[in-house]
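Derivation of every value follows stated rules applied to the coordinates shown; laboratory data play no part. Treat the numbers as computed from the prediction; the structure is a model and nothing was measured. Here Cβ is always computed from backbone atoms with ideal geometry, including for glycine, and neighbour counts include all displayed protein chains.
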Amino acid sequence: MPSNIIFIGGIHGVGKSTICQNICRVLNIEYLSASELLKWKDINDDINNKKVKDIHFTQNRLIAGLTKATQNGHYYLLDGHFCLLNEKDEVEKVSIDVFKQINPIAFGLILGNITEIKTRLDLRDNKNYDFGLLERLQNNELDYAKEVSLALKVPLYIEECNDAMTLSNHLSKICN
């Protein structure tokens, strides 16, 4: 896998996709979505369902899709997750081996206000999300992002969703 991938994590509904697409426009790099690479809509009857039946299987699909979509000499911003919800609604860490295979040059983590995230998700997915579960998911995402960053010796930039320009500034130094 090329070592020109920046991995941006954050929970569902925090605004990752919008922020990542804006950063990609500013930095003139390519945007990749983990959901699109692993073809979430092909393996899940309800694309708004956030529960992952087999995290190992989906992450293998992600790596295969990423391998096909990337090439040396180009920078990519990959929008994904450090932690996911399994089918029992439990927070589960994505294996560190997945991050080793992604081989990122930097990590970013986007955090947000849980009340705002819950409202956004409830409206978007027409479901009632549990505030405590979303809060637990974001806290686990933060803790695990730090752990993965340290283990792989890759820098981690943590920003609030309303301060994405700071993240863009950090990443511009890496891509230039």
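Brief remarks on what is shown
- Debye intensity ratio in log₁₀ form over the Cα atoms of the chain, taken at each q of 0.11, 0.18, 0.19 Å⁻¹: -0.42, -1.23, -1.39
- Counting beta carbons within 10 Å around each of SER149, SER33 and listing the fewest first gives the order SER33, SER149.
- Residues ILE8, ILE96 arranged by fewest to most Cβ contacts within 10 Å: ILE96, ILE8
- Cross-link pairs exceeding 26 Å between alpha carbons, from the set LYS118/LYS146; LYS146/LYS173; LYS16/LYS118; LYS88/LYS153; LYS53/LYS173: LYS88/LYS153; LYS53/LYS173.
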